[in-house]
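Chemist: Take a look at the following structure, please.
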Amino acid sequence: MIRNLSLLFVGVVAAFLGLATYHLRSISALPEQATIYSHWEDTGGHATVQDVVRISESTTPAAFMPIRERRINFGYTESIHWFRFRLVADRATEELTFEIRDHTIDRLELFELRNGQITSLGKTGSRLPFAQRPSPTKTFAYLLNVETGQQADYFLRLDKRYENLATELTLWRTSDFEDREQRAYFLWGLFCGVIGLVVGLSFLFYLTTKDPLYGYFGLYILGLALRQFADSGLGFQFLWPGVPAINQPDPVIEALWLYLPATLLFQQHFLELRTESKRAFWATQVFKYAFFTLFIGLVIGQLTGVAESYAGANQLIRQIHTVMAIGCLFVIIGNTVVGLRSVDTVKRLYGIGFGIQIAGQLVVLGQNMMSHQRGSVFLVEPYLISMVVFFIDLVVFLYLLAYRYRKSLDEQRRLQIGLAQTRQHTNEAIIDVLESERQQVGALILTDVGGRLTQTRSLLSTLAPAPLLTEALGLIDKTDACLEQILRDSLPADLRQQGLPMALAELVRQRSQVGTVQLSFAYENDSHAPELTITQTQQLYRIANELINNALKHAYATECRVVFRQDSGHWQLTISDNGQGFDTNSAPNQGGIGLKNLQARAQTLGATLTLTSDKNGTVVHVAG
């Protein structure tokens with residue numbers, strides 16, 4: 001199992017890296033437009049665009065300062081930040097797109113200064129409806145157009161006070177920007193397809209096996225996907241575009257408060273913490289319900305406007321999240337240790353998978369901590385790290401769940417085989433007991449009742465003839481005939497020694513002497529036919545005896561044929577008559593014990609019983 005998992009893991013990682021490399025190489029051919037940006041910080045937060053224009057034209061130390069890097073990290077800020085850049089169309093008119101990569105900026109607005117006139121190109125932000133964005137993308141993008149021989153100055157106002165501000169400013173040719181976005185959305189489409197397939201299979205397995213673990217895994221994947229959507233900006237674009245309140249203070253926090261309970265729930269059941277570790281189980285219980293309660297409270301606060309109207313709500317929610325996330329991280333580490341210490345290989349591999357996820361989360365946590373510091377290194381988007389970890393987890397957990405599913409199917413198959421064997425052994429035991437009882441009853445009848453009847457008939461025969469005496473002797477003769485019938489129904493004493501074919505031939509010969517039905521027997525075999533077991537011999541003899549009785553008593557037949565065939569690996573017993581037949585559809589529902597006995601005996605042999613009947617007669621095949 002470990003080798004298969006390793007091969008699958010290497011294959012998926014190679015495919016993922018190959019797709020990522022292809023994507024990066026394809027977008028690297030789309031060059032950014034070289035632009036010089038300058039920055040000014042409005043610590044008071046009251047400057048208008050006219051004030052900012054005057055400041056940009058001054059040479060005081062408080063004026064705009066050039067920015068050397070396009071990736072900017074201001075850390076925690078309580079100011080409004082302004083950015084300025086200039087476009088000059090030396091050659092033909094060209095349409096450009098200005099992109100601001102941080103999709104969590106509360107409010108931003110781009111102004112254009114051309115020929116001394118200031119024009120707003122649109123006010124947008126995460127606290128405004130998505131429909132107000134100048135371009136329908138997951139980030140913020142403005143279309144710019146400068147005609148040949150003209151120039152224009154642009155002023156960008158960013159308002160993300162009381163939060164961390166880390167963003168990237170990029171200028172693209174519009175055609176290159178659209179090409180790049182299409183490639184990115186194509187990859188996100190693949191991601192959504194994988195998520196939909198995995199979640200669908202998880203709930204399908206849940207419905208098939210009734211194992212809640214598959215349902216919990218589906219919820220876990222949905223929670224993790226929601227976190228990715230919130231972290232990339234796709235959530236606001238496609239899931240809640242008309243409810244910007246969900247973006248306050250951060251949709252990632254809200255997604256985590258839904259994702260973490262699903263993770264803990266999945267861990268509880270996969271690792272069987274209730275029996276493996278009581279302490280880990282109750283710690284998981286506490287954090288699971290605490291996060292879910294916080295999620296419900298945050299949604300209510302967002303929809304009622306409390307989260308935005310209360311000035312300290314943003315900071316309070318982040319502090320609560322920090323404390324809870326650290327505590328939950330220790331709980332998840334503890335659960336991972338429980339998995340690694342388990343004697344079950346599947347649980348140990350699960351612990352390794354979650355260890356990889358914890359390592360990825362620590363990298364994201366370190367990235368987020370650096371974003372609090374002004375001027376710190378801005379490495380990579382956290383959702384990209386989470387995406388890599390997500391696919392690694394997906395490979396590991398899917399394989400383990402598939403292995404668990406296959407193992408459960410094997411266990412069910414073994415149980416079904418065991419149940420069938422137990423049922424067969426039980427039927428054989430019951431039939432053996434019945435046969436033993438039948439033999440004992442036959443012996444008692446033969447030695448006791450039969451002897452008394454013979455003695456009684458002898459005594460009555462000495463009396464003078466009388467009508468009542470003649471009737472009594474007739475009843476004795478009928479009783480004696482019934483005893484002979486019972487004895488004929490019992491198994492021959494030498495059945496095992498003479499074999500089934502000879503026993504059936506003798507049975508047919510005896511029954512032919514009673515009644516008007518013409519009976520015949522045929523035996524067909526090849527030289528390689530194996531010897532029947534004693535159980536097969538006894539049950540087939542009983543089946544033939546019962547079917548011959550039915551033909552003699554109930555079918556009103558004139559002919560009955562018994563055929564037994566054997567070859568190297570199979571046998572078949574066929575009894576047919578030309579009687580009046582019966583309705584095979586209604587027979588099983590009439591409660592008749594004869595047909596049920598035949599089916600039970602066939603099941604004991606592991607054979608198939610086929611019955612056809614019409615007005616021309618009845619044919620029964622028993623094959624094994």
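The values are calculated or read from the model by the stated rules, or taken from the named source; none is laboratory data. Everything numeric here is computed off the predicted structure, so don't read it as measured data. In this analysis, Cβ positions are derived from the backbone assuming ideal geometry, glycine residues included, and neighbour counts consider all displayed protein chains. Keep in mind that these areas ignore ligands, DNA and RNA; they rest on the heavy atoms of the full protein, side chains included. Shrake-Rupley method; radii C 1.70, N 1.55, O 1.52, S 1.80 Å.
Chemist: Modelling each spin label as a point 7 Å along the Cα-to-Cβ direction, I'd like the H570/A47 distance in nm, to one decimal.
Modeler: 9.4
Chemist: Hey, another quick one. Please list, or write none, the lysines whose alpha carbon is within less than 22 Å of the alpha carbon of K138, excluding same-chain residues fewer than 8 places away.
Modeler: Hits, sequence-local ones excluded: K123, K160.
Chemist: Now for a different question. How far apart, in nm, are two points set 7 Å out from the Cα along the Cα-to-Cβ line at L197 and at E524?
Modeler: Between L197 and E524, the simple spin-label model gives 5.3 nm.
Chemist: Moving on to the next point. Simple spin-label model, 7 Å along Cα-to-Cβ: R341 to A505 in nm?
Modeler: Inter-label distance under the simple model: 7.6 nm.
Chemist: Quick one: length gained pulling E78 to T293 fully straight, 0.36 nm per residue minus the C-alpha distance?
Modeler: 74.4 nm
Chemist: Lysines within cross-link reach of K210: Cα-Cα under 20 Å, excluding same-chain residues under 8 positions apart?
Modeler: By straight Cα distance, K210 reaches K407.
Chemist: Now a separate question. Taking 0.36 nm per intervening residue step and subtracting the Cα-Cα distance, what contour gain separates Q151 from T275 on full extension?
Modeler: Going from the current span to full extension adds 37.4 nm.
Chemist: Something else: Going Cα to Cα from K288, which lysines come in below 16 Å? Please leave out same-chain ones fewer than 8 positions away.
Modeler: List returned: K278.
Chemist: Quote the FRET efficiency, to the nearest 0.05, computed for Q319 versus I534 with a Förster distance R0 of 51 Å and r equal to the Cβ-Cβ distance.
Modeler: The computed FRET efficiency comes out at 0.05.
Chemist: Taking amide hydrogens as modeled 1.01 Å from N in the peptide plane, which residues meet the under 5 Å criterion relative to S135, leaving out close sequence neighbours?
Modeler: Amide H to amide H, under 5 Å and 5 or more residues apart or across chains, S135 pairs with A141.
Chemist: At 1.4 Å probe size, what's the solvent-accessible area of D344? Round to the nearest 10 Å².
Modeler: 50
Chemist: Just the accessible area for K123, please: 1.4 Å probe, Å², rounded to the nearest 10?
Modeler: About 100 Å², ignoring ligands and nucleic acids.
Chemist: Now for a separate question. Rank by packing, highest mean first: peptides 469-475, 299-305, with packing defined as the count of other Cβ atoms within 10 Å averaged across residues.
Modeler: 299-305, 469-475
Chemist: Let me ask something else. Take the alpha carbon gyration tensor of the range 48-154, find the square roots of its eigenvalues, order them as a ≥ b ≥ c, and report rounded if a/c is under 1.5; if not, report prolate when a/b exceeds b/c, else oblate.
Modeler: Judged from the Cα gyration tensor, the range 48-154 comes out oblate (a/c at least 1.5, b/c at or above a/b).
Chemist: In whole Å, what is the distance between the alpha-carbon centres of the range 199-273 and the range 148-177?
Modeler: 34
Chemist: Taking 0.36 nm per residue of separation and subtracting the Cα-Cα distance, what length does fully extending T174 through T584 add?
Modeler: This chain segment gains 139.8 nm when fully extended.
Chemist: Sticking with this structure for a sec: To the nearest 10 square angstrom, how much accessible area does Y350 have with a 1.4 angstrom probe?
Modeler: Surface open to solvent at Y350 totals about 0 Å².
Chemist: Let me ask you something else. Could you tell me the calculated FRET efficiency between A600 and Q182, based on Cβ-Cβ distance and R0 = 60 angstrom, to the nearest 0.05?
Modeler: In this case the efficiency is close to 0.30.
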